[in-house]
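Undergrad: I am attaching a structure below and will ask some questions about it afterwards.
Nothing in this text is a laboratory measurement; each read-out follows from the coordinates by a stated rule. Since this is a predicted model, take the numbers as computed values, not measurements. Reconstructed Cβ throughout: ideal geometry from the backbone, glycine too, with neighbour counts over all protein chains shown.
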Amino acid sequence: MTIEEQRLAEMLHRVTPEPPRSVTVEDIAIRLANAGTGSSRRSSRRGAGQRDAGHPSDTRPYSRGSRGRRWSPLLAAAGVVVVIAASTSVAVALTSHHSPSSPTAGLTGSPTTAATFPTSAQSSPPSTIPTGPATKPVAIANGPWSAELIDSDQLTPGTLVGSGSSLYAFSSGHLLRIDAKSGVVAQSVQVPASITGQPPVIDGNTVWVVWSYGGGTVELRGFNAQTLAQTGSATVSSSGSLAAEPEGIVAAAPDGDLYVAAGDAVSVVSPSSGSVVRRIPVSGGPADSVAITPDGSTLYVGTAGAVNFGLAMYNPATGARLGLNDQVADQPGNLVATSGGAYGTVGVGMVEQVMFFPVSNVSNARQVGGPVSGGSVVVPTYADGTVWIGGTRQLACLGAVSAQVQSTAPISSVSGIPDQFGSVAYADGNDYAIFLNPHTQQAGVAKITPPTTC
């Protein structure tokens, strides 16, 4: 080849695109792992003051994913295992521009491999959640406390609650009422998908849902506990900026009033009129979580201030502050309260844990659950007179007053990928939990039979 021919060949190589490289299974595995471990709001944590300065929290729509309550990075690992085991034809198919635009397209309540991975809060939910006849419970292999799967809907972690013979949870932009005995989805109603991470609140015969959060207001809507027909609404104006990352901002008192975290105050709402009857000022920053004791005597509020995070306790009748812990390592969220104190989550992902704040001295907080290696259902719940803590390692029940562990059951794993159990609720005389097996793609509501010590 002459010099001129060599130069011509080099020029043609520069202007001619190379043939497309085949997409390998390893490429897909890496992409899934990267997507599954997407940015968490604490991966590059800034102080609450910095967040508010750059993004005023009262003008930004709330997305649960920012807190890290997505299905955990363990699902990404599970996806890698599934993809590697699949045919290489799947890898080639991903190069096409005609592949399905949504990994959850056609989701009908029966979990699939793709449906395990969460979609954006902006994705369009299905028009209906299917209902159907009762199905025979399916034993969960090596599940804690004789766990049986009774419902196969993909439920939002941390949203399962129970009342009477019904269970309530969010799934794919819908509020579901599940018959606890049969596992059938008896009713469903579409709700804004961006706020379904806030658990529903049962207040008598009404299920309250946070309908919108932002723009200086919190909107609630109430639904009949049996039919899920809308029966009420309330709009609460915030005092100052709303918390940027709320977790459990509504609690029901035994007298029927609703307590709503609304900026620098907790607003007390009369469900019958939908109006604010009084406000309890909160010090230390905007309130991001609230809980009230079963007897209505003590209100606990988690805050995310510009300098310190904190947890305070108040007399709900007078608004007087009864105690304060302003040295919390992270903003307490998902609060539940008993006569012994308050339980709440701090941290996220592999370092998430549950803390107990005793009523005798909230400053003397101690860890009672976690860290759980990415469990997305670690949130504490109070059901059947017991506090429950789940995750990916063990399911535990604690004494409501003492916060001492009464019993535990290990959570199994397959090929190093653990199941997830948590969000325990009580209905129809039994205990239930949200369940996820990333390896087999089983998911839904599991009935558990804990020992009498619980």
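Undergrad: If we count other beta carbons within 10 Å of each Cβ, what is the order of HIS174, HIS439, fewest first?
TA: HIS439, HIS174
Undergrad: Taking H as built 1.01 Å from N, whose amide H comes closer than 5 Å to the amide H of SER413, not counting residues under 5 places away?
TA: ASP419
Undergrad: Run through region 392-454 and list the chymotrypsin sites (Phe, Trp or Tyr not before Pro) located in a DSSP loop whose Cβ has at most 16 other Cβ atoms within 10 Å.
TA: none
Undergrad: While we're on this one: Using only the alpha carbons, work out the radius of gyration and Dmax of region 376-454 in angstrom.
TA: Expressed in Å, the Cα Rg and Dmax of region 376-454 come to 12.2, 38.
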